Amino acid sequence: FPRQIQIETTNSCNHKCEFCAYTLMKRPKGVIREDLFERLVREAFDCGSREIGLFAGAEPLTCKSLESHIKMCKEIGYEYIYISTNGALGGPDLFRRLLDAGLHSIKFSVNGGDRATYEQVHGKDNYDRVLKNIRFVSEYRHSVTQSVFLGVSFVGMPHTNDSFEKLKKEIKADVDESIFYEAYNQLRDM
């Protein structure tokens with residue numbers, strides 16, 4: 001059984017990134033039922049999973065139960081709990097609660113190294129807010145008992161690749177890792 005699993009806690013997103021297949025999704029938007037979530041994480045743990053990602057392509061911060069999901073995973077015994085987020089929906093209070101609940105890793109998806117490129121890719125102008133949230137998490141993570149990894153990912157496309165270096169320079173002092181991915185055809189939907 002896999003040591004590491006991911007659960008789609010929600011299939012909703014507040015952004016419309018131009019490279020993302022979720023923008024073309026036909027499924028009704030929603031969140032996972034609480035009873036199903038608990039059953040899945042308990043069964044997976046009993047089978048040997050010890051690391052869990054509470055996202056699967058959409059925006060985990062659209063799930064109002066994310067904090068309680070993290071607490072449940074911690075109580076069950078998961079050794080590593082992580083999310084990947086565009087970071088635009090939360091502010092210091094939400095990120096503080098998620099880290100206090102036991103989150104071990106946050107990867108912010110920031111796909112533009114300046115406001116104009118970011119807005120073009122994400123379909124929203126949340127660049128400054130996201131950078132502010134990254135800086136908050138960078139500082140606050142030293143206040144919790146668990147070690148917290150902070151990363152930033154950048155999905156590059158020919159018209160955005162040049163801005164990655166600007167983003168790396170902007171966040172260098174705040175993050176543990178900046179990761180560049182080439183955009184690819186997600187599930188043959190794009």
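The values are calculated or read from the model by the stated rules, or taken from the named source; none is laboratory data. As the structure is a prediction and not an experimental result, all values here were calculated from the model. Cβ: placed from backbone, ideal geometry, glycine included. Neighbour counts: every protein chain shown. The protein model used for the area step is the full one, side chains on, heavy atoms only, and it has no ligands, DNA or RNA in it. Shrake-Rupley method; radii C 1.70, N 1.55, O 1.52, S 1.80 Å.
Rolling a 1.4 angstrom probe over the chain with all protein chains present gives an accessible area of which 50% lies on carbon and sulfur atoms. The orientation-averaged projection of the convex hull spanning the C-alpha atoms of the chain amounts to 10.5 square nanometres. Sorted on the mean count of surrounding Cβ atoms within 10 Å across their residues, most packed first, peptides 167-174, 133-140 read 133-140, 167-174. Enclosing the Cα atoms of region 101-190 in their convex hull gives a volume equal to 113 cubic angstrom per residue. Charge tally for PHE149 (other residues, Cβ to Cβ under 14 Å; Lys, Arg +1; Asp, Glu -1): -3. Here's the list of lysines a cross-link from LYS168 could span, going by alpha-carbon distance under 16 Å and ignoring same-chain residues fewer than 8 apart: LYS107, LYS132. Surface analysis of region 1-72 yields an accessible area of 53 Å² per residue, using protein heavy atoms and a 1.4 Å probe. Each distinct pair of alpha carbons in region 1-83 adds a 1/r term; the inverse of their mean, the Kirkwood radius, is 13.3 Å. Where both bridge residues fall in the chain, DSSP classifies roughly 5% of the beta bridges as antiparallel. Taken over region 40-99, the percentage of Cα pairs per 5 Å bin, counting from 0 up to the bin with the maximum distance, is 4, 18, 30, 24, 15, 7, 2, 0.
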